[in-house]
Each structure stands twice: as C-alpha cells, then as structure tokens.
1. Determine the percent antiparallel among the DSSP beta bridges restricted to the chain, to the nearest 5.
2. Mind giving me the nanometre distance, one decimal, between the label points for ARG52 and LEU184, set 7 Å out from Cα along Cα→Cβ?
3. Quick one: angle between helix 39-51 and the longest Cα principal axis of the chain, in degrees between 0 and 90, rounded to 10, please.
4. Helix 90-99 versus the longest principal axis of the chain: what angle, 0 to 90°, nearest 10, using Cα atoms?
5. Straight-line reach only, C-alpha to C-alpha below 23 angstrom: list the lysines that LYS197 could link to, leaving out same-chain residues fewer than 8 apart.
6. I'd like the FRET efficiency for GLU11 and SER213, computed as 1/(1 + (r/R0)^6) with the beta carbon distance as r and R0 of 45 Å, rounded to 0.05.
7. In the neighborhood of TRP174, defined by Cβ-to-Cβ distances under 11 Å, what is the net charge if each Lys or Arg adds +1 and each Asp or Glu adds -1?
8. Around LEU109, which amide H atoms from residues at least 5 apart in sequence, or from another chain, sit under 5 Å from its own amide H, with H modelled in the peptide plane?
Amino acid sequence: MIVAERKPLDEIVPLLGDCQKIMVVGCSECVTVCQAGGEKEVNTLAALLKLRGFGQVLTAVLNRQCDPEFIVDLDAELEGVDCILSMGCGVGVQFLAERYSHTWVLPALNTKFGGGAREAGVWEERCGFCGECILHLTGGICPIIRCSKSLLNGPCGGSQEGNCEIRDDVECAWQLIYDRLVALNRLDLLTEPLPPKDWSTARDGGPRRVERSDVKAV
Ligand code: SF4
Ligand code: SF4
C-alpha cells in the first residue's frame with residue numbers, strides 16, 4: 001500500500017490562499033488504511049479549516065482517486081468550487097488535476113512510500129518499485145529499499161550487530177538477508193555476486209507505463 005500522512009495544518013492553510021469554497025476529497029483505499037485521507041480524516045480536516053475561518057468547506061470521499069471511473073463522481077459536486085484539496089496520495093492529486101484542469105488542485109498529504117503496517121500506527125517501507133523484482137535472490141528481503149545504500153552485494157562495513165550504520169533502530173538489510181538464507185539453507189545464493197541491476201525498469205528512466213493487453217477493454 002501507499003503510505004502517507006497529512007501535512008501540518010499550518011502548511012495547508014497558506015496553500016489555500018484566497019479560496020472561499022473548498023472541496024476536501026478523500027480516498028477509500030490506501031490512505032484510508034493508513035488513516036491519512038479516509039472519511040474520518042476528511043471530516044477532521046474540514047472541521048479544522050472551518051475553525052480557521054474558511055466558510056464553505058465541502059467534502060467527498062471517492063472509492064479511488066487513482067482511477068478515472070471513480071473520479072467522475074466528483075463532476076457534479078464542483079460547481080463554484082475554488083479549489084480541490086486532495087487527501088489522496090500524489091497519484092490521486094495528479095489524476096484529479098488532470099481531470100479538472102481548470103480547477104486548482106492541492107495536496108493535503110505527504111506521500112511517503114510503498115510499505116505496510118508493522119504494528120498499529122507504525123508503517124515501514126518495503127518496496128522501491130524498481131520494476132524488476134529480485135526478492136527470489138535475497139530471501140524475500142529487498143536490498144533496494146531496506147539497505148540504506150541499496151547495495152546489491154552487502155553488507156557494507158557499517159553493519160554493526162545486525163543494525164545499519166544510519167540508526168540503531170534500522171536493521172541491516174544484508175544481515176537480515178544472510179540470516180534468512182541461513183534459515184532456509186540457501187546460502188548458495190550468496191556464493192556468486194549479484195550482477196549489476198538493470199535500472200532501466202526503475203524510475204530513473206523517466207515516467208513508466210504498464211500496458212497489459214489481457215486487461216485492456218476489448
Ligand atoms: S527488488 Fe524492486 S520490486 Fe522487488 S521489493 Fe525491492 S524495490 Fe520492490
Ligand atoms: S549497514 Fe547494512 S543496511 Fe546499512 S547501508 Fe550497510 S549493508 Fe546497507
């Protein structure tokens with residue numbers, strides 16, 4: 001899931017400028033799960049904005065902001081709206097801005113990463129969306145995103161007692177990989193260095209696009 005958190009109110013208010021009529025739009029997917037942009041958070045933000053003097057604050061929660069078939073639900077709600085304040089992730093903000101090209105669309109969240117819940121209220125990054133997954137070589141532990149240096153052949157010299165040199169509360173990804181491969185009796189996977197990764201599938205090659213003929217409408 002995408003993990004995000006709301007910008008501080010003191011950062012959101014100046015973004016709104018002179019807008020009088022504001023539509024706060026939530027999303028029922030990832031940002032609901034991480035309690036950043038679901039119905040409850042939309043209503044909370046709307047109430048806070050009213051306390052800050054914004055007179056007309058409307059609310060809506062879409063099934064998904066990253067899917068045009070659900071965005072159309074907003075079409076009939078935007079009469080006279082000065083700006084849309086999206087509580088979706090960065091993808092949702094951009095999909096709204098694309099559809100409503102003549103309406104000012106603002107982000108209310110800071111989109112953090114792709115990850116999952118470690119415990120209630122704690123989320124950790126797990127995938128950097130590199131486009132060519134190598135978890136089969138690393139015991140199911142991602143060196144791209146969990147190693148602070150994205151090393152394909154670690155650990156580096158900073159690994160100390162299982163922790164990464166960047167902080168005591170960050171486990172060394174390569175220690176985790178080693179321990180897991182020992183447990184699986186698959187240390188053979190570490191006898192040969194991993195080859196250089198083909199980063200052309202990652203973000204560095206520019207905006208990516210996935211096309212699947214089996215999913216496209218016929
Ligand atoms: S190897 Fe790439 S696709 Fe696989 S988990 Fe890591 S970043 Fe994500
Ligand atoms: S200590 Fe481990 S996780 Fe940290 S940068 Fe070095 S190899 Fe990567």
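1. That works out to approximately 45 percent antiparallel.
2. 4.7 nm
3. 50 degrees
4. Long axis of 90-99 versus the principal axis of the chain: about 40 degrees.
5. Answer for LYS197, where 23 Å is the Cα cut-off: LYS149, listed by chain and number.
6. 0.55
7. Details: positive: ARG146, LYS149, ARG180; negative: GLU171, ASP179.
Around TRP174, the surrounding residues sum to +1.
8. LYS7
Each reported figure results from applying straightforward, stated rules to the coordinates on display, with no laboratory input. Remember, predicted model here, so these are calculated numbers, not experimental data. Ideal geometry is used to build each Cβ from the backbone, glycine not excepted, and the neighbour counts take in all protein chains shown.
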